[in-house]
Amino acid sequence: MKVPLSWIKEYVDVTEDIDTLCRKMVNIGLEIEEVTYLGENVTNVKIGQIKEIIQHPNAERLLCCKVDVGEIVPIVTNDHHLKVGDKVPVALNNARLANGMHITKGKMRGEPSDGMFCGSEELGITKDYYEGADTDGVLVLSPNAQVGADVRQEVNIDDYVLDVNVTSNRQDCNSVVGLAREVAVALGKACREPQTDYTEQSQNTSDMVTVDVAAKDLCRGYFMQGVTDVTIRPSPVWMTSRLAKVGLHGINNLVDITNYVLFEIGQPMHAFDYEDITDKTIVVRRAQEGEKIIPLDGKEYVLTSEDLVIADKTRAVGLAGIMGGANSGIKNNTTCVMFESATFARGNVRKTSRRLGLRSDSSARFEKGIETYTNNVGLSRALHLVQQLDCGKVTKGRICIGRQAESRTVAFAKDKIRRLLGIVIPDDKIKEILNALNIEVSLTKDTVTCIVPPYRDDIVRDCDIVEELIRVYGYDNINGTLMENSHITCGGKTEEETKCDRLRTVLTGMRYNECVFYPFGGKALFDKASLTPVDEGKYIRILNPIGEELSLMNRSLVPNMLQCVSLNLTRSVHDLRLFEIGKAYLATSLPLTQLPKEEKRLCVAATEVTYDAFSQSVLQAVHAFAKGGIKLVRSQKDILHPGISADILIDGKVCGSMGKIHPQIAKNFDISVDCFVAELALEDVFEKDNENFRYKPFGKFPSVTRDFAFVADEDVAAQDLLDEFLCLPQVAQASLFDVYRSPQLGEGKKSLAVTVEFKDNNKTLQDEDVAKPVAKALKNIKEKYGAELR
């Protein structure tokens, strides 16, 4: 909120400089976002009085003047409306003006001129700041202006505007008076209250208008009082200049009063032209579906039954809490008005404002909350200003509907202060601080009893009082202490986090990049990653999702990974190496009766690689933890290609799968290149890291290598053949190095070429040492799988 320092000074005697003031305001919890000095761009401009005017000897259109600015200086001007005795702004040598001009003394057509007379444009002001500033030419100042004084004070720009960031819980600070109370606390000074007295001189308000609040759930308080014998005229400069400093232009006395009260008290108000109220009845009701209204901005809006309106018997005359209707606004011939001051439900105002795209200073305050206490104070302040400006006569009595805010009592154990803050605040300091905040306090040996003023609706319990105490007492007074039964720890990572870091190191070392995705998705995404539509009943649904596409918790990391691959491919990024370490959320039963299992998983994806290269990368990550017992078998995962995929077993337990994605899945994600993906349960992988392994030397004897080519059926897995060799005692390793298909082999047949390494650490193997185990393996392969040697 923007607030001029001069307005605050009406209620608090501020003598400190602006830096000290801002520092002390920040110390008690007010955030000052910006401080603007209105006269920053106007320097060395004095008030001068014209003592002499003569015709310029060398220019018919110019005049030579002698001006008193504390000393007599010559000024040449072309403004023929000026006369001797006029007081005007004079920009002297080296002056700078609001329009960017830099003034230096010199000669004009041979005559000396030590500066320039200024108009409102050069000073950066309008008629809101100074009477007569709307005229062209040199600005003629008041006869009471002090000769030689700085012109900034005379034209109301010798002022600072503070932009204060008010937190959502401090709606009382969305006003000049609210901020003035805080300034008084920060400076340790008294704060004067605004004048709200007035004299009722006209007829009874209740005889003039009837008010009915039909939507009581959306309007907790509604207050109305009128003014008769109204005279519409411009507002005085002291009022319009303050409004201009907060961003509003003066309109007329009655409208300006409502705007003035909005900023000074924080109470949005509306003035209805009494003659425009049909049947002299005001109804606060929900709008009819499709009902239309034209507010003061001149645009037509279509309403729904969720919107709250102020209406008469036949039509809506205002959008509650947002903006009055153009059909009931103040006009130049208005003679009687009804002032409205109310409290509307903040949520309803916000929803209507956002839906219609219509925001105002009123809606901004109602969205943060307005108390009925402010309703009455704001209305009384407006009626005081009506009489102060002689706008008309105030009607007798006030229509009051709803509960009026009252003071609240908050009592608690005094020791709560120490337990929350860790320090003891002396009793006399507690009284001093709370009394400065207008909180009446009573202290006993063990208890604190506070009476909270009605405008502080943010204080409802003991911790709120403690917060008020410490923000004024000073957070610097809090000493760092440990909680009871606690001790300092060195911190660090869990065992699982450490292993995840190791896994990241392995994968990034193979040129893989880590991704981080949301742990949730939507049915549309999960359907794309499945050959059949997924059953939503198996997924945990989020109660308040960002959107339907992010409403279900992940059961697999693959859908988000494939979506990322697809996105990168559309952006011409084809060489992808990606991995994610995340969680799958698996419920034991739905709806949830207990917390779901959060299974830590690894998902790896790559393009422009072969299956062998991809599988070796995945297995290398597994080998970083599980040193042995790893076996690959044909995968049954439907998202993987049935012939180019494998499940990963560790000691006979499936811990994950890998392979090329199914062609239909690739089509669903618009992936036109070979894409490989793997997903592993890290708990099964990490638990093998705790096993102790014994390492043996390679041995000094050479190994013997034998290559075999088998003709087998298409459904025979190469791993099954390799396992027959690997179970032999002298086999060090066995691997597949070629797969060949040809019509000569026969339909449904393929050739699998494998290499087997035999080794004995105690001797050099001879052919006869290898022949017997090879014969056994070949026999088993033929009997079990029907594979013949080529």
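Cβ under 12 Å from residue 531's Cβ, residue 531 left aside: what net charge do those residues give with Lys, Arg +1 and Asp, Glu -1?
For residues surrounding residue 531, the net value is +1.
How big is the dipole moment of the chain about its Cα centre under a simple scheme where the beta carbon of each Lys and Arg is +1, that of each Asp and Glu is -1, and everything else is neutral? Debye, nearest 20, please.
In debye, rounded to 20, the chain gives about 1460.
Suppose only helical runs count, i.e. DSSP H with n ≥ 4. What mean residue ellipticity at 222 nm does that imply for the chain under -39500 (n - 2.57) per run, divided by all residues and rounded to the nearest 500 deg cm²/dmol?
Value at 222 nm, helices only: -7500 deg cm²/dmol.
Relative to the Cα centre, what is the charge dipole magnitude of segment 20-77, using +1 at the beta carbon of each Lys and Arg, -1 at the beta carbon of each Asp and Glu, and rounding to the nearest 20 debye?
It comes to approximately 200 debye.
In nanometres, what is the gap between the two model label sites at residue 37 and residue 739, each 7 Å from Cα along Cα-to-Cβ?
Between residue 37 and residue 739, the simple spin-label model gives 8.0 nm.
Take peptides 228-234, 364-370 and line them up by average Cβ neighbours within 10 Å, highest first, as a rough protection proxy.
Put in order of decreasing packing, that is 364-370, 228-234.
Considering only Cα-Cα distances, which of the following residue pairs are longer than 26 Å: 24/46; 9/396; 216/368; 667/784; 46/107; 749/776?
Violating the 26 Å Cα-Cα cut-off are 24/46; 9/396; 667/784.
Where does the charge balance sit around residue 444 when Lys and Arg score +1, Asp and Glu -1, over other residues with C-beta under 14 Å from its C-beta?
It works out to a net charge of +1.
Which order do peptides 529-540, 378-389 fall in by mean Cβ count within 10 Å, highest first?
Output ranking for 529-540, 378-389: 378-389, 529-540.
In a Debye calculation with equal point scatterers on the alpha-carbon sites of the chain and no solvent, what is log10 I(q)/I(0) at q = 0.11 Å⁻¹?
-1.21
For a protection proxy built on the mean count of beta-carbon atoms within 10 angstrom, sort 482-495, 277-290 highest first, please.
277-290, 482-495
Figure the gain on full extension for residue 409 and residue 493 (residue separation times 0.36 nm, minus the Cα-Cα span) and round it to one decimal in nm.
In short, 25.5 nm is gained.
Of all the Cα-Cα pairs you can form in segment 1-158, what percent are over 24 Å apart?
In whole percent, the share of Cα-Cα pairs in segment 1-158 beyond 24 Å is 41.
Normalised by the number of residues in segment 548-628, what is the relative contact order in percent for Cα pairs under 8 Å and 6+ residues apart?
Normalised by residue count, the contact order of segment 548-628 is 29 percent.
Whole Å is fine, so just give me how far the alpha carbon centre of segment 573-594 lies from that of segment 504-566.
6 Å
How big is the gap, in Å, between the Cα center of segment 44-105 and the Cα center of segment 631-697?
Taking the Cα centre of each part, segment 44-105 and segment 631-697 sit 89 Å apart.
At a Cα cut-off below 19 Å, give the aspartates and glutamates reachable from residue 429, other chains included and same-chain residues fewer than 8 away excluded.
Cα-Cα hits under 19 Å: 182, 415, 440, 446, 462, 464, 467, 468, 476.
Among 305, 277, 370, whose Cα sits farthest toward the positive end of the charge dipole of segment 261-416 (+1 at Cβ of Lys/Arg, -1 at Cβ of Asp/Glu, about the Cα centre)?
After comparing all options, I get 370.
Mind checking the dipole of segment 402-541: about its Cα centre, +1 per Lys or Arg Cβ, -1 per Asp or Glu Cβ, Debye to the nearest 20?
About 460 debye.
Too long at a 20 Å Cα-Cα cut-off: which of 51/83; 660/782; 631/772?
660/782; 631/772
With θ set to phi - 60° and the Karplus curve 6.51 cos²θ - 1.76 cosθ + 1.60, what are the ³J(HN,Hα) couplings of segment 459-472 in order, to the nearest whole Hz, using x for Gly and Pro?
Using θ = phi - 60°, the values come out as 9, 10, 8, 4, 5, 5, 5, 4, 4, 4, 4, 6, 5, 8 Hz.
What number, in percent, do you get for the relative contact order of segment 500-567 if the mean sequence gap of Cα pairs under 8 Å and at least 6 apart is divided by its residue count?
It comes to 33 percent, rounded to a whole number.
With point charges of +1 on the Cβ of Lys and Arg and -1 on the Cβ of Asp and Glu, referenced to the Cα centre of segment 554-651, which listed residue (624, 554, 568) lies farthest in the positive direction of the dipole?
Of 624, 554, 568, it is 554.
Given an 8 Å cut-off on Cα distances and at least 6 residues of separation, report the relative contact order of segment 397-463 as a percent.
Here the relative contact order equals 44 percent.
Can you find, among 142, 349, 664, the residue farthest towards the positive end of the dipole of the chain? Put +1 on the C-beta of Lys and Arg, -1 on that of Asp and Glu.
664
Every number in this text was worked out from the coordinates using simple rules, so none of it is lab data. The structure presented is a predicted model; accordingly, all values stated were derived computationally and were not measured. Every residue, glycine as well, gets a Cβ built from its backbone with ideal geometry; the counts of neighbours run over all protein chains shown.
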